[in-house]
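Trainee: Have a look at the structure that comes next, please.
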Amino acid sequence: MSEARPVVLGYDCASPLGTEFGDQWEKAAEGRSGIGPLTRFPLREKFPVQIAGQVPAVDVAPYPFLSPRKMVHWKSPIFKYGMLVVHRALQKAGLEITAELSPRVATTFSTAIGGLDIVIDADRTMVQSGELPKPYVNPNSCVNMVGGKVSILTNATGPIVTTITACATGSTSMIVGSMMLRSGMADVAICGAVDFPLVESIVAGFATMNGAYQTTPHTPPEAPELASKPFSLNRRGFVASEGAGSIVLATPEFARAHGLKYAIELAGWFMTADAYHYVAPRQETIVHCMKGAIKDAGIAPEDIDTVNAHAASTKLGDEIEYAALKEVFGEKIPPASANKSMIGHAMGASSALESILSMEGMMRDTVLPTINYDPDPSLPIDCVPGAARTLRQEFVLKNAFGFGGCNACIVFRRVG
């Protein structure tokens, strides 16, 4: 069993800001939005949601494993983008999974929604024409299959598990991977998450829950890039989006033994269940989660330099997160930026994407901005409004909260 804290060897992502990491970072640092018109499916008349965060198409030519022939039966985009970011994260880590290393490499790369798009399409076809589903439909919709495809791609034969905690899935993936490393079950963990939930019935369902940003006769439409506004007075719900992010973790002993560089560690983590409501958050258990992660890191609240907030732009969610931050930090809440203002809410992938942006910010002494901010007098928070801020950060708290009351908090520490 390793008592040392897991370290980050590499990461990569695809988001509404782009498919190349450098481009995504540049746009985020400039405070540019990736939100635009929803075009993933034809919009019915009076469809309540008109905008979304869509990941651009990626050129698969440099990646033979993503060729049309290889992917002919893997129709859901979760597989293409999930495998892409994992491959590139391993490249950035400088890690080749050999036959010798393979049994010591765990896979916790996950998804919250999975390939439901494929089973919904198959169901509609069967209702309309009676045609039975293709043989690939069930494998596409099997929620643990994206982890399975990642393990096949990488030849990782260590422990594998899909961590489904709704919008906290990406963070939970890293926490479970870290537990495997600490327990001695593995030396490396391929973590992260992918979700492509822009499916007609799913998006409409978010609207009927009054969670997703939508237009009504009483709320005139805004430019898409202005719609996601965490912590703002006029926030109107989250903007549904897509994305994939992969983080490769390892024990520091493994990294040193193989000459692999690292500069960030997972200093602490904690998870709690609200046991309260299927959607509405609970302040008490969120506070417990934040405090637990900080305590696990062996530090005090005042040691946290910045917070990467969950901040989905919902009325109640942002209010509860602010109240929880105030309870943990008192009158000295650290700067708390909200990446969803630029990339929307990518469901299970959101906390993976946001963790990656936050870690890159630690490396660059930069705190990314919260855009579209209109101060809410009831939430007097420094959310780094408008423009990025130069700040050296040793400890960053990442918050992630999901449907069903799933809370996951991580403290990242810069060690290099």
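Taken together, the values in this text are just the output of simple stated rules run on the coordinates, not laboratory data. Here the structure is a predicted model, which means the values were calculated and not measured. Heads up, the Cβs are rebuilt from the backbone with ideal geometry, glycines too, and the neighbour counts pull from every protein chain shown.
Trainee: With runs of 4+ DSSP H residues as the only contributors, calculate the mean residue ellipticity of the chain at 222 nm using -39,500 (n - 2.57) per run, divided by the residue total and rounded to the nearest 500. Spell out each step's value before the answer.
Mentor: Working: 12 runs with 132 residues, N = 416.
Dividing the helical sum by the residues of the chain leaves -9500 deg cm²/dmol.
Trainee: Placing +1 at every Lys and Arg Cβ and -1 at every Asp and Glu Cβ, with all other atoms neutral, what dipole size does the chain have around its Cα centre, in debye to the nearest 20? Could you put the intermediate results ahead of the total?
Mentor: Values: 35 positive and 40 negative charges, 116 e Å.
Roughly 560 debye, rounded to the nearest 20.
Trainee: Sorted by packing (mean other beta-carbon atoms within 10 Å per residue), highest first, where do 335-346, 11-22, 314-325 land?
Mentor: Values: 335-346: 29.2, 11-22: 23.8, 314-325: 20.6.
Descending packing order for the listed peptides: 335-346, 11-22, 314-325.
Trainee: I would also like to ask the following. Please work out how many pairs of lysine residues in the range 7-257 are eight or more positions apart (or on different chains) and have Cα atoms closer than 12 angstrom.
Mentor: Working: LYS70/LYS80; LYS70/LYS149; LYS75/LYS134; LYS80/LYS149.
Lysine pairs satisfying the spacing and distance rule in the range 7-257 number 4.
Trainee: Something else: Could you check the spin-label model distance between GLU222 and ALA4? Points 7 Å from the Cα along Cα→Cβ, value in nm.
Mentor: Distance between the two pseudo-spin positions: 4.7 nm.
Trainee: Assuming R0 = 41 Å, what is the FRET efficiency of LEU316 and CYS142, from their Cβ-Cβ distance, to the nearest 0.05? Write out the running numbers ahead of the final one.
Mentor: Values: r = 33 Å, r/R0 = 0.81.
About 0.75, to the nearest 0.05.
Trainee: May I ask you to order 259-267, 165-173 by the average number of other C-beta atoms within 10 Å around their residues, highest value first?
Mentor: The packing order, highest mean first, is 165-173, 259-267.
Trainee: Given the Cα-Cα distance of LYS332 and ASP382 and 0.36 nm per residue of separation, how much length would full extension add, in nm? Could you put the intermediate results ahead of the total?
Mentor: Values: separation 50, 0.36 × 50 = 18.00 nm, distance 0.99 nm.
Gain on extension, LYS332 to ASP382, equals 17.0 nm.
Trainee: Based on alpha-carbon centroids, what's the gap between the range 8-36 and the range 312-344 in Å, whole number please?
Mentor: What the calculation gives is 22 Å, centre to centre.
Trainee: Do you know the relative contact order of the range 267-323, to the nearest whole percent, from alpha carbon pairs under 8 angstrom that are 6+ apart?
Mentor: On the way: 48 pairs, mean separation 21.9, N = 57.
After rounding, I find 38 percent.
Trainee: What FRET efficiency, computed as 1/(1 + (r/R0)^6) with R0 = 35 Å and r the Cβ-Cβ distance, is obtained for ALA323 and GLU26, rounded to the nearest 0.05?
Mentor: On the way: r = 34 Å, r/R0 = 0.98.
FRET efficiency, ALA323 to GLU26: 0.55.
Trainee: If you don't mind, another one. Would you work out which of ILE299, PRO68, PRO334 lies farthest towards the positive end of the dipole of the chain, given +1 charges on the beta-carbon of Lys and Arg and -1 on that of Asp and Glu, about the Cα centre?
Mentor: Toward the positive end, the furthest listed residue is PRO68.
Trainee: How high is the FRET efficiency between ALA204 and ARG256 when r is their beta carbon distance and R₀ equals 35 Å, given to the nearest 0.05?
Mentor: Numbers: r = 51 Å, r/R0 = 1.46.
The calculated FRET efficiency here is 0.10.
Trainee: Relative contact order for the chain using alpha-carbon pairs under 8 Å, separation at least 6, rounded to a whole percent? Let's see the in-between values first.
Mentor: Numbers: 1065 pairs, mean separation 98.0, N = 416.
RCO, the chain: 24 percent.
Trainee: Still on this structure, please answer the following. Along the positive direction of the dipole of the range 268-410 (beta-carbon charges: Lys, Arg +1; Asp, Glu -1; about the Cα centre), which of ALA323, ASN372, TRP269 reaches farthest?
Mentor: It is TRP269, whose Cα lies furthest towards the positive end.
Trainee: Would you work out the relative contact order for the range 59-194, in percent, from Cα pairs under 8 angstrom that are 6 or more residues apart?
Mentor: Working: 220 pairs, mean separation 45.8, N = 136.
Relative contact order here is 34 percent.
Trainee: Here's another thing I want to ask about it. Which of the aspartates and glutamates could a cross-linker bridge to LYS291, judged by Cα under 19 Å and excluding same-chain residues fewer than eight apart?
Mentor: GLU265, ASP274, GLU302, ASP303, ASP305, ASP318, GLU319, GLU321, GLU327, GLU331, GLU394
Trainee: For the pair ASP374/LEU43, report the inter-label distance in nm, with labels modelled 7 Å from Cα in the Cβ direction.
Mentor: In this crude label model, ASP374 to LEU43 measures out at 2.0 nm.
Trainee: Order these peptides, 392-405, 126-139, by their mean beta-carbon neighbour count within 10 angstrom, highest first.
Mentor: Details: 392-405: 22.4, 126-139: 12.1.
Output ranking for 392-405, 126-139: 392-405, 126-139.
Trainee: Once you have a ≥ b ≥ c as the square roots of the Cα gyration tensor eigenvalues for the range 183-310, tell me rounded if a/c is under 1.5, and otherwise prolate or oblate according to whether a/b is larger than b/c.
Mentor: On the way: a/c = 2.32, a/b = 1.77, b/c = 1.31.
Prolate shape, in that a/c is at least 1.5 and a/b is the bigger ratio.
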